[in-house]
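Report on the following structure.
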């Protein structure tokens, strides 16, 4: 699963520096600036907040950082601008704090993502995708991947925003501030419900909240210089998505789904029906990342409910975790293929490839013998051809990890690899079933062959 369980306040991540602002260069046309009466309005209205109209100047000296009064001015004007773009009124002022990168990492360290059982169960899910290997963990990989790239977050429980500054003096990234203010606006108007129980559903739900916010922050940035005077961007450390260090690209690609695919989805919905149609999404969210990636499949093409019969022996058991299975979905399958060089798309942030398209549903069931893990992963596809394409690409992933093929449908990844295990991979019509275990002899113990 992708939930940030260590952040009880469900901090909203903004991962900057990966997708160019041109991502939405073709998004719905910008509204005309229009006009507004001079001076402050008699009452609150869209495009005005705390003494600032959306096109008012602010007096700041960003070279020495932003003091408290400067931050208040920038936040007020940005709130007015977010209102202007999003056509929604803030019900109350949103507090904004700025902390250093060091403070953010210190606050994040040691939180854990849940119980030990959940951690082990979740690690098996990510291992099934060939994204997080046995010598690591989701918790460690996500810390390494996200720790240096988070620019800010909104805390629904505190109704406040925290911006992360990489300089000694407090700086503000204007796109990040606009993005997080959209989350505050969402919370005030729609609230944040449960993200969902499965990885795929969580990413799909966040495709609305993060897609909406990302869409607005790009529209905001596109107006800077041409229509609005904006505060300068803070200096970049040149590090890219994860501060320039090592990070898990497959994990990042998965977690970035709501931002990239979600923003395109929101762009299309708004283009067809305006902001009212985007508002309606909060009561009728997509059921899968497939619907986010392929907007023409929303809302009618629902995922198939895939179940896996328990055919393990007494040595292997399912985890004491509710639910026992996870659904990883099309976006995560796409990330698996890209991460393991099974596909090479022209635009990796399109989340579209032949082996991952045609997804109908899937179920990953982790197992344990008390010492190590295993899993059964069943995928169902729209057609036999779709299943065949997935099956062939999955075998390419195994080949990337130097897997041998000692018998029909059985593969073994060598022990020098992070995914050193045995695999039984069988396609039957529109269904592909993968059984994973430490050794070939364990495969039937985890999931005996039918008949």
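The values are calculated or read from the model by the stated rules, or taken from the named source; none is laboratory data. From a predicted model like this one, the values you see are computed outputs, not experimental measurements. Methodologically, a virtual Cβ is constructed for each residue, glycine included, from the backbone with ideal geometry; neighbour enumeration extends over all protein chains shown.
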State which residue is modelled with the lowest pLDDT when the search covers only segment 309-340 and only residues that are out of contact with any helix residue (DSSP H, G or I) (no Cβ under 8 Å at 6 or more places or on another chain) and assigned to a loop (DSSP other than H, G, I, E, B). 314
Out of curiosity, is residue 71 farther than 30 Å from residue 436 by Cα and either touching a helix residue (DSSP H, G or I) at 6+ places or on another chain (Cβ under 8 Å) or part of a helix (DSSP H, G or I) (or both)? yes
Please determine whether any residue of segment 82-101 is under 30 Å from residue 418 (Cβ atoms) and either modelled with pLDDT under 95 or crowded, with 22+ Cβ neighbours inside 10 Å (or both). yes
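Taking the stated definitions as given, is residue 188 out of contact with any helix residue (DSSP H, G or I) (no Cβ under 7 Å at 6 or more places or on another chain), under 25 Å from residue 365 (Cα atoms) and in the same structural domain as residue 71 (by TED's automatic domain parsing)?
no
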Residue tally, condition surrounded by fewer than 21 Cβ atoms within 10 Å (Cβ to Cβ), in contact with a strand residue (DSSP E or B) (Cβ under 9 Å, 6 or more places away or on another chain), farther than 19 Å from residue 339 by Cα and in contact (Cβ under 8 Å) with a residue 24 or more places away in the chain, over segment 384-428: 7
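Before we move on, is residue 425 assigned to a helix (DSSP H, G or I) and either under 29 Å from residue 314 (Cβ atoms) or assigned by TED's automatic domain parsing to the domain that holds residue 352 (or both)? Let's see the steps before the verdict.
On the way: assigned to a helix (DSSP H, G or I): no; either under 29 Å from residue 314 (Cβ atoms) or assigned by TED's automatic domain parsing to the domain that holds residue 352 (or both): yes.
Criteria not met by residue 425.
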So which residues in segment 253-297 are surrounded by fewer than 22 Cβ atoms within 10 Å (Cβ to Cβ) and either assigned to a loop (DSSP other than H, G, I, E, B) or touching a strand residue (DSSP E or B) at 6+ places or on another chain (Cβ under 8 Å) (or both), if there are any at all? 282, 283, 284, 285, 287, 294
